[in-house]
Amino acid sequence: MLCRTASDLYWVARHMERAENTARLIDLAQRMAMLPERFERGKASAAPWRRALDALGSADGYLARHGRIDGAGVVRHLLLSPDNPASIHSCFRAARESARAQRVAITSEMYEDLNTSWLEIRLLDAAQLDRDGLNQVLERIKIRSASFRGVTIGTLGRGEGYQFLQLGVFIERADWAIRLLDVVGSHDGAGEAEEALDAAEYFRWSALLQSLSAFETYRRLGHPAVTPTGVAELMLLSEASPRSLQTCAQSLHTVLRDLGGSARLDVVRQAGAAEAQTRYARIEDILAGGLEHWLQAAMARLTALGDGIHRQFMTSTDVVPA
Amino acid sequence: MRPRYDEMHDAAGAPRAHYRLFADWLEQTPEAVLQGKRREADVAFHRVGITFTVYGEDSGNERLIPFDMVPRIVPAAEWRMLESGLRQRVHALNLFLQDVYGERRILREGRIPAELVLGNSAYRSEMQGLRVPGGVYSHISGIDLVRAGDGEYYVLEDNLRVPSGVSYMLENRRMMARLIPELFARQQIAPVERYPDTLLRTLREAAPEGIDTPTVAVLTPGAFNSAYFEHAFLAQQMGVELVEGADLFVRDDTVYARTTRGPRRVHVIYRRINDDYLDPQVFRPESVLGVPGLFGAYRAGRVTLANAPGTGVADDKSVYPYVPEMIRFYLSEEPILHNVPTYQLRDPDALRYTLEHLHELVVKEVHGAGGYGMLVGPAASKAEIEDFRARILATPENYIAQPTLSLSTCPTFVESGLAPRHIDLRPYILSGRRIQVVPGGLTRVALREGSLVVNSSQGGGTKDTWVLEA
């Protein structure tokens, strides 16, 4: 497969996953903003939106441009803005552009699905958002993402193309597992006794579960209560959650082993090491050492792995085989 | 008033025999159902993303080429004649190219003025003396035909560089089979669906000698090219890589693709970029679309380019009048297909005649394409005619003139309902070990009333083309 094709497919998947997770982030911030102000320990109701921007590292840029942070403005920025390269609008556009450049490598159903999504998202504006309501629009975005995932799984032959799409999905999803946990966990739930959880904390952590569509999974695992420890464990270490860091790391390792054909490749070793970090970790240790600190290290490993994938498969050395 | 020929109706207004089934269906189908089908086609084309980019508008402006549901139908006997004519013509054109870049017999014997060929801007001296696999230069040819008021077919022009449009032929057929399957069940319509297979075989047959399992790739200028959809479509249908210049590199006269598993050799390149941009080391140095060293690899016989560079010298409008002569010279046969009578304005008598009759002639720039740089006298304003007169006088050798043919019409859905619109036909001819003509082609339709310009870049639409087998 061409390096350019591999890269484009990888980015189709990353952008689609990014669009879906941005929808989940908006959903989460919206849920947190519904918490009555008295529980927010004196912070303005814009706080969840500020945290959402922080999780993306874009709060300062947003403030510089817009002067103040408010829910409606942040929603427009994250959902509709063609100028924000990370907005859902831009993600769909970028995914569709990359797919258009690689129509040969994907099935026509996949392209048609992306094209349909883009034609729909392109027309979305503030007026329609008002008319339909934010929740309905977020649902539609998740459905568009699910539709593409389904069409991909159901129609694309299992080969390199499929594998690079998988890499894109799991790198991006792992990234978001960390970011979304950071939105709720940045004030550090470590050390808090479970009975000390007040209503606000319960509200925030269950909001996170709901935004990830993970509430049922969490309950099924037998947790008696919604606790920071339980939720962090589900999102970081659990193999039961399709969106956990562990599930993503394991998938990345498996795909890279197949793709690389050899465990000796640097990038495969890197992925194996990253997986070991979640497979053998204990949540108590992570919280004891400071969640934020651990999340930063995990993010650095992920970034390095992304670079490794790019170096191994998407850059050409032009050294002709003997 | 020139006589008009309608493909569907005879002079008395009755459907011609080969259109009868379709005409009945059209008459029996309620208006609402027809409208529904037209909407369905529109939605499906949008979703599939069959678009083309219009130059001169906002860059990256994607538009649908309007599709019309009334097919052009060609009766079997007529097609047999067209097929032999096309085969003969393309055969002679390839022999001409082989001769021009080889012994130049036809020039030495004075059958075609040598300076017309050797001084032509489409002539590539770099190709001189080079032997190409199988002697084939134009592997993929598109020959534009029109039917005039007298009911006869004429060749309007030959396209031997990078003829496009075949994806529309295939997609239009897919659409028609979806919209009105019952008509396909009730008559024998020659299938066109095997085109990608035949194309792949033709390309593989063109591989450098000694390569048993050649790797074929389609070379595109990229996603912003107007025909990108087609490049991607053909690569996908053939199951080969779609590459851009930057995906290839040349080492030791060998072409490699940059892949996830390192460099992989490429043997045959179906290039959809113009000669000028192929190799910055040989042609335009500023080109970033091509591959440095590609022409060297080609000259060394390590890779095949299809079509070969320099084919433009045979489809140039100033060489066009000599094609019948080529057929007589190389094949000792009489041409089966007519040329349109053509005045070469480099000739003073022709120039004088043309300037006196601009209002009734079609004048074309010799190197123009896509309907740009052309005057349709009867449809032009006084100002347009005067403007063209000045341009012709400045460089007469850049222009040819032809009588305005009354292109045949075919009923077409327009705002006001069904109305006759002018059409042409571009069949596709593949030259490998054999010459194969796909039974059908791309029918283009001028959607504006009275317009004779069918090019998609000028607002033309397309129709499915049905060749009946019996």
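Numerical summary
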{"item": "Of A:GLY306, A:GLY168, A:GLY159, the one that fluctuates the most in a GNM where chain A has Cα springs shorter than 10 Å", "result": "A:GLY159"}
{"item": "For chain B, with +1 on Lys and Arg beta carbons and -1 on Asp and Glu, the positive-most of B:LEU418, B:VAL282, B:ILE385 along the dipole", "result": "B:VAL282"}
{"item": "Packing-based ranking, highest mean first, of B:200-208, B:3-11, A:257-265, A:173-181 given that Cβ atoms within 10 Å are counted", "result": "A:173-181, B:200-208, B:3-11, A:257-265"}
{"item": "Rounded to 5, percent antiparallel among DSSP beta bridges of the protein assembly as shown", "result": "75 percent"}
{"item": "Inter-part distance where the stretch B:210-285 and the stretch A:208-283 are each reduced to a Cα centre, Å", "result": "41 Å"}
{"item": "Set of lysines with alpha-carbon distance to B:LYS382 below 19 Å, sequence-local pairs under 8 removed", "result": "B:LYS364"}
{"item": "Rule-of-thumb Rg ratio for the stretch A:204-322 [Cα; 2.2 N^0.38 Å; N residues]", "result": "1.26"}
{"item": "Intensity falloff of the stretch A:45-119 expressed as log10 I(q)/I(0), Debye formula with alpha-carbon point scatterers, at q = 0.22, 0.27 Å⁻¹", "result": "-0.88, -1.16"}
{"item": "Global geometry of the stretch B:343-403, whether rounded, prolate or oblate, following the gyration tensor of its Cα atoms and the 1.5 cut on a/c", "result": "rounded"}
{"item": "Gyration tensor (Cα) of the stretch A:1-155, equivalent ellipsoid semi-axes in angstrom", "result": "32, 16, 13"}
{"item": "Alpha carbon centroid spacing (whole Å) that separates the stretch A:65-80 from the stretch B:337-396", "result": "60 Å"}
{"item": "Rotationally averaged projected area of chain B (alpha carbon convex hull; nm²)", "result": "23.4 nm²"}
{"item": "Simple spin-label estimate for A:ARG282 and A:ARG264 in nanometres, 7 Å along Cα-Cβ", "result": "3.8 nm"}
{"item": "Cross-link partners of B:LYS37 among lysines (Cα-Cα below 22 Å; sequence separation of 8 or more within a chain)", "result": "B:LYS463"}
{"item": "DSSP H segments from chain B that extend 27 Å or more along their own axis, Cα-based, with Kyte-Doolittle mean of -1.0 or above", "result": "B:76-100"}
{"item": "Number of partner chain Cβ atoms within 10 Å, mean per residue of B:252-261", "result": "5"}
{"item": "Mean Cβ count within 10 Å, highest first, over the residues of peptides B:101-114, B:422-435", "result": "B:422-435, B:101-114"}
{"item": "Low-density loop cleavage sites - GluC sites (Glu not before Pro) in the stretch B:386-416, where at most 14 other Cβ are within 10 Å (DSSP)", "result": "B:GLU415"}
{"item": "Ranked list, fewest to most other Cβ atoms within 10 Å of each Cβ, for B:ARG391, A:ARG18", "result": "B:ARG391, A:ARG18"}
{"item": "Selected from A:HIS89, A:HIS223, A:HIS15 as most flexible by GNM, with chain A as the system and alpha-carbon contacts under 10 Å", "result": "A:HIS223"}
{"item": "Cα centroid separation - the stretch B:58-126 against the stretch B:427-462, whole Å", "result": "13 Å"}
{"item": "Kirkwood Rh (inverse of mean 1/r, distinct Cα pairs), the protein assembly as shown, angstrom", "result": "30.1 Å"}
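A short reminder: the numbers here are calculations on the coordinates, not readings from a lab. In this text, all values refer to a predicted model and were calculated from it rather than measured experimentally. Because the Cβ atoms are built from the backbone with ideal geometry, glycine has one as well, and the counts that use them run over all protein chains shown.
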